[in-house]
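Notes for the one structure printed next.
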Amino acid sequence: MNQSLATVSLVVRDYDEAIAYYTGALGFRLVEDSPRGPGKRWVVVAPPGAGPDGCRLLLAQAKNAAELAAVGHQTGGRVFLFLHTDDFERDHRAFMARGVEFLEAPRHEDYGTVAVFRDLYGNKWDLLQPQ
């Protein structure tokens, strides 16, 4: 059996605002932006090193009050996504220069170098260079 996690849906306030943040501040690439009917789009972004089978983010614009209330709180305040890097210092510096908000100083753990940052909506991420 061969299975993999392909796409994770992330509820956002606005498609264009989210595209600008993830491609600008985080340097992700826009994989797809296709219309899907009135007011709907299929918007997918991925980290620059993700191959064709790598996990991607589907940016899903909130369509009602309940979904809007979940923006930035999809995991109840816990770290939601883990962005692996091959060069922590490079990416940490670049993110800081682009205004990404880190919630802590980088730290060295048994599993690698890591720091928690918050995205545009308040979702917590780990920037992690594994050992």
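Any read-out appearing in this document is the output of simple, stated calculations on the displayed coordinates, not a laboratory observation. Just so we're clear, the structure is a prediction, and the values are computed from it rather than from any experiment. FYI the Cβ positions are ideal-geometry reconstructions off the backbone, even for glycines, and counts take in every protein chain you see.
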(request) For each of 4, 9, count neighbouring Cβ atoms within 10 Å of the residue's Cβ, then give the residues from fewest to most. (result) 4, 9
(request) Starting from one equal scatterer on each C-alpha and no solvent at all, send me the Debye-based log10 I(q)/I(0) for the chain at q = 0.21 Å⁻¹, two decimals. (result) -1.37
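How high is the relative contact order of the chain, in percent, with contacts defined as C-alpha pairs under 8 Å that are six or more residues apart?
On the way: 230 pairs, mean separation 30.5, N = 131.
Relative contact order comes out at 23 percent.
Which of the three applies to the range 73-131, rounded, prolate or oblate, going by the alpha-carbon gyration tensor with a ≥ b ≥ c and a/c under 1.5 meaning rounded? Write out the running numbers ahead of the final one.
Details: a/c = 2.08, a/b = 1.27, b/c = 1.64.
Oblate shape, in that a/c is at least 1.5 and b/c is the bigger or equal ratio.
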(message) Taking just the alpha carbons, could you work out the radius of gyration and Dmax for the range 1-71, both in angstroms?
(response) 12.8, 40
(request) Tell me what the chain gives for mean residue ellipticity at 222 nm when only DSSP H runs of n ≥ 4 count, each as -39,500 (n - 2.57), the sum divided by the residue total, rounded to 500 deg cm²/dmol. (result) -5500 deg cm²/dmol
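For residue 6 and residue 87 in the same chain, what is the full-extension length gain: residue separation times 0.36 nm, less their Cα-Cα distance, in nm? Present the calculation step by step, with values, prior to reporting the outcome.
Working: separation 81, 0.36 × 81 = 29.16 nm, distance 2.38 nm.
Here the answer is 26.8 nm.
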(message) Which of 69, 50, 105 ends up with the largest GNM mean-square fluctuation for the chain, with Cα atoms connected below 10 Å?
(response) 105
(request) Compute the separation of the alpha-carbon centres of the range 1-24 and the range 69-99 and state it in Å as a whole number. (result) 13 Å
(message) Using a 10 Å cut-off around each Cβ, can you sort 43, 8, 79 from fewest to most neighbouring Cβ atoms?
(response) 8, 79, 43
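Could you please rank 30, 5, placing first whichever residue has the fewest other Cβ atoms within 10 Å of its Cβ? Mind dumping the intermediate values first?
Details: 30 13, 5 8.
Lowest to highest Cβ neighbour count: 5, 30.
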